[in-house]
Every structure is written in structure tokens, then in C-alpha cells.
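One structure is given here, and the rest of the page talks about it.
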Amino acid sequence: MMESLGEEPWDVVICGTGLQQSLLALALSRSKKRILHIDSNDYYGEHEAAFSLQEADSWAATHAGSSEAQGLNTEGGSTTGASNEDTIFQSASVWTHPEASALGLSFPRAYSLALAPQIIHTRSKLLEQLVSSRAYRQVEFLAVGSFFVYDTKASDASSKLARIPSSREDVFSTQSIPVKSKRALMKFLKFVIDYDSEEQKPTWQGQEDKPLSEFLADAFKLDENLQKYILALTLTLDGRVTVADGLAIINRHLTSMGLFGPGFCAVYPKWGGSSEIAQVACRAGAVGGGIYMLDTKAETKDNANDDEITLSLSNNLSVRTTKLITSQNTAAPNAQTITRLVAVINAPLKALFEVVVEGAPTPTVAVVAFPSGSATEDGSSAPPESPIYALVHSSDTGECPAGQSVIYLTTLAAPQSAQRLGSALDALLAAATPIDSPKPVCLYKLQYEQSLSARKPSRTTRGGVSTFAFPSPSLNLAFDDGCLEAVKDAWKLVMGGEASEDEYMVFQDREGVGDEDEVYD
């Protein structure tokens, strides 16, 4: 069987099971093309994988990088790390509490820690494509709930998390905003819902590149507190969002609210975020006839023939194709880089997951913003250009056992970013815990830096041979629909003259499948 895989040329060989490669496999799953899909890793997801604790330990050892690790607070626990040449992920390390088992750390596979914990707005094109391709039935989407701002000026820890109002009812019911400020905020929310209309464009046109904070102050007289609320909703890593980008992001947030039900504007895939979508897409590819091989490396052989690419696989097979799809794994010079801290906490942090709108589902993800320049509990101050965001996941995400939670903290990489994330974690745990409750304990930490490759796909054509390399994933905390264009471009490359845009990602149910059936069983 294995030997026969090398006999006939493949229409396309896809290397890597990251989200973009996997969505391409989904798009090609009804094409009747001969597709070989391989991954050098022994897991699905590539840059968007989700790991058990044991897998996270191994991954961190592989991606520790040559630069100096950024110093987790080990608190007497154990730290592991090694070197690796991969430049998208670097400086990875893990830490386990010395009394982790006694404090509740479960067995390794009870956890599924996501490398890409992005929320997905309900108006995202990704969700549209998962519905039209019928793949959505295999993904369980969970509600993203409240957005909070950490308020350093609040008098006590229990009032430091201010929930951001994002609807008319929200604004009027909140007690933390003065009446005059409520009117100004309502005026802005009404404007941004329809900001791109002919009536509203004169308000902002000519100011597209101006900082959004200045525009909020000048055009709507929003005070510094309300500006922090609005800027937090943009999830902008550098805190310097422009008017054009900021209005588009806030509009997406507000117009997504209530689309799939009351009280939420975004969703999150259960069992590990984008990794779960990648696996579902690969499963569709396999049902469509694609052949899958994990833990299989590929090297391009020197070949004078311009009509085929020959690949030598690590399982001693040699395969041929005219289309090779890969991903870019080298960070671009001076690329934006984030530091991320993933923390497993031995408490459910229920205060962050309350239902605040009647009829809304119980949220499983909460977003907490530490604005630019905010001081955390230890009195340290962040650089003005670098906010911190925490995505807090309940056990309902399937990423940890019941009674625990997982927190993903992210900020731009800087000499003190690791220490700042640690301080933010401590401040968040103090603010989210009732005064009479025991202080939650961090059981496990995974920390790493993540950079960006070149932002455009790399494409070459020579004779009858074409190669296409997807860029690395966006660092955005909300899913970026822009990456879907590259998937469609790769699909057109593979399909050639057979490509019909009307049929892209639009499939009928397979024979015998009903609304309640499992499509890929």
C-alpha cells in the first residue's frame, strides 16, 4: 500500500496541518483531486495546535530557541527548555508548581492548551464558510462573554474589573459611568454602528490615520475612562489603533452582538480553538479521499524536470506532484513579536463568566484588558505603547478539568514582558476572587514568544510546477478574515481552469446525512 503512493503523481501535496492548509484541504475535499496531506509534526494544527501538558512540555523543549528565556517566576518549581532553530516560536519554557498534584493538577491529557486562542466574531467569513461547507456540524462553538478593563484606580481589588458595556441596555444599566458620560458613549455607539454610511462618513473621513483615542476625545468628547473601554474592544496589541481600523473593528464587535443569540458577539471552538477547526477540516479532506501522514518530513529533490516536483519523505517514500503547498516558518526581519503566558489555575473564576443578558448562554471565555500604561498590583508600570490582554477560559472549553480555568495572557515582546505578564496574572486572580475565598493558585505555566513571517503568500511557478507557501498566523486575538484570501488563492492554483468561484466552500450534505447526523463518521 505504502509503495503504491509513490507510483502516480499527486495533483497536490500539502505540507502542514495549520488552519490555512487544513481549510484548503476542506475546500478541495469534493474536487476528486489526488491529495497527499502530510505534517512533520505528530499532531494536527501546526502553528495553531492544542497540547496536553506532556505535549506542551515537549513542544517547549523544541522551541526554547537560542535567545535567553525570559525568566518565568519559578517559585521553587521545575523549568524545562532546549534549543531550536524555528523562528516563529522562540524562548518557550514551562513551569510546574512544586505541589501541583496536591493542589489539583490532573493527568496530562485532561488539558488542551491552545497556541491560537483567538475568538471568532459571529460575522466572520470563517463561520460562513464552515456553514456553507457543512463542516460546522463537527465543531462545537461556545459563547464569548464579557469584556473587562482592569481599573488600577479602583479602591479595592474586588472592583478593579470594570465590565465594558457594548449595547444600549448595557450602557443604561451600568452604575460605573456618570449620566453625562453615558450620553456621550451612546452617541458614539449609535454612530459606529452606521459609521460607513453616507450620512456618517463626513464625521471621520480625512482623519483615517489619526489615533482613535484622539478622535474619540475630539469628535465625541469621551473622557479617558471611556476611551479605555473603546480601545480595549479593539484588542490592539500596540495600543495605537487608527481611526479607520478602530471604527471597523468596533463596528464588527457591535454588529456581531446578538447574531447567534443574545448577550455575545463572538464564539470559541471547544477543545482548543483553531486546532479543532483544523482537525475537522482535515477529516473532511480524508473523507473526500485525501491521504494523511503525520510525523512525516519532506525534502524537495533536485530535479531538472520542470513538469514535476519530487519529494523525498522521511518514511523512505518518494512522491511526485505539480503543486506543492507549504507554510512559512521563518520570522521576517523586525517582525512584530508577542510574549504569551498560558496559565492553568486551580479555581473556576466564576465571577468572570456570569450571564448578564437574559436568555444568553453561559459564557466560557472572558476578555480582560490591562490598558496601555496601567500599573498592576506590584506597582510596576507598563510601557505606554503596550497593553496586556487576558483571555480567560472556563473548563467548559474542554481545555482543563472542572473547577479549573486556563488564562492566556498576551503582550508585545519587550525586555520586561514576561515579568509584566506575571504581575498581570497575579492582579487578575486577586480581582476575580471574592474576598472571603482562598486565593487561586497557578499550577502550570507555558510561556513563549511568537513572531510573524512575511505577510503575503510566497508563490513560484516554473514550467508546469507551482509552489505556494502560506504566511504564519496573525498575532491578533480575534480571528483575522484576511487569511482566508490566501486559502482561496491556493485553491485556485490547485484547481486551475476547473475553479468555479460560485462553488468555493459551498457543498451539499453527503448522501444519507441529515441535520442531526455526524457528517464525517
Inset, instruction - Show me 234-247, 105-118 ranked by packing, highest mean number of other Cβ atoms within 10 Å first. - result: 105-118, 234-247
Legend entry - Inter-label distance, nm, simple model (7 Å from Cα along the C-beta direction), A351/E128: 4.1 nm
Inset, instruction - Determine, for each peptide in 287-293, 57-63, 192-198, the mean count of other beta carbons within 10 angstrom over its residues, then list the peptides with the highest first. - result: 57-63, 287-293, 192-198
Legend entry - Label-point separation, I193 to D480 (7 Å along Cα→Cβ), nm: 3.0 nm
Legend entry - Percent carbon-and-sulfur accessible area, segment 219-287, ignoring ligands, DNA and RNA, probe 1.4 Å: 52 percent
Legend entry - Heavy-atom accessible surface of segment 83-165: percent carbon and sulfur, 1.4 Å: 47 percent
Legend entry - Probe 1.4 Å, accessible area per residue of segment 111-150, Å²: 27 Å²
Legend entry - Per-selection metrics, the chain (Cα): Rg and Dmax in Å: 23.7, 75
Inset, instruction - Give me the distance in nm between label points sitting 7 Å out from Cα along the Cα-to-Cβ direction at R455 and D502, one decimal. - result: 3.5 nm
Inset, instruction - Multiply the residue separation of Q336 and K182 by 0.36 nm, subtract the distance between their alpha-carbon atoms, and state the gained length in nm to one decimal. - result: 51.8 nm
Legend entry - Flagged links, alpha-carbon separation over 18 Å, of K125/K488; K182/K221; K160/K180; K33/K297; K160/K187; K180/K221: K160/K180; K33/K297; K160/K187
Inset, instruction - Measure nothing but the geometry: give the 0 to 90° angle between the long axis through the Cα atoms of 274-287 and the longest principal axis through the Cα atoms of the chain, rounded to 10°. - result: 30 degrees
Inset, instruction - Just round it to a whole percent: the fraction of Cα-Cα distances in segment 297-348 exceeding 15 Å. - result: 67 percent
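Please find the FRET efficiency linking Q175 to T300, where r is the Cβ-Cβ separation and R0 is fixed at 56 Å, and quote it to the nearest 0.05. Mind showing how you got there, number by number?
Numbers: r = 63 Å, r/R0 = 1.13.
FRET efficiency, Q175 to T300: 0.30.
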Legend entry - Estimated Rh, segment 188-315: Kirkwood, alpha-carbon pairs, angstrom: 19.2 Å
Inset, instruction - Taking every pair of alpha-carbon atoms in segment 261-409, give the share separated by more than 18 Å as a whole percent. - result: 75 percent
Inset, instruction - Just need the relative contact order of segment 254-378 here, percent rounded to a whole number, with Cα pairs under 8 Å and 6+ apart. - result: 21 percent
Legend entry - Low-density loop positions, trypsin sites (Lys or Arg not before Pro), segment 121-170 - DSSP coil, at most 15 other Cβ in 10 Å: K153
Legend entry - Base-10 log of normalised Debye intensity for segment 389-513 (one unit scatterer per alpha-carbon) at q = 0.14, 0.19 Å⁻¹: -0.86, -1.13
Legend entry - Reciprocal mean inverse distance between Cα atoms of segment 272-323 - Kirkwood radius, Å: 13.1 Å
Inset, instruction - Calculate how steeply helix 243-256 sits against the longest principal axis of the alpha-carbon atoms of the chain, using the helix alpha-carbon long axis, and give the answer as 0 to 90 degrees to the nearest 10. - result: 90 degrees
Legend entry - Per-residue [θ]222 nm for the chain (sum of -39500 (n - 2.57) over DSSP H runs n ≥ 4, rounded to 500): -7500 deg cm²/dmol
Legend entry - Modelled label reach - N315, point 7 Å along Cα→Cβ, segment 34-50 residues with backbone N closer than 14 Å: 36-43
Legend entry - Helix axis angle, 179-193 relative to the chain longest principal axis, alpha carbon, degrees: 20 degrees
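The values are calculated or read from the model by the stated rules, or taken from the named source; none is laboratory data. If you're wondering where the values come from, they're calculated on a predicted model, not measured in any experiment. Note that we place each Cβ from the backbone using ideal geometry, even for glycine, and neighbour counts take in every protein chain shown. Surface areas here come from the heavy atoms of the whole protein model, side chains and all, with no ligands, DNA or RNA. Shrake-Rupley method; radii C 1.70, N 1.55, O 1.52, S 1.80 Å.
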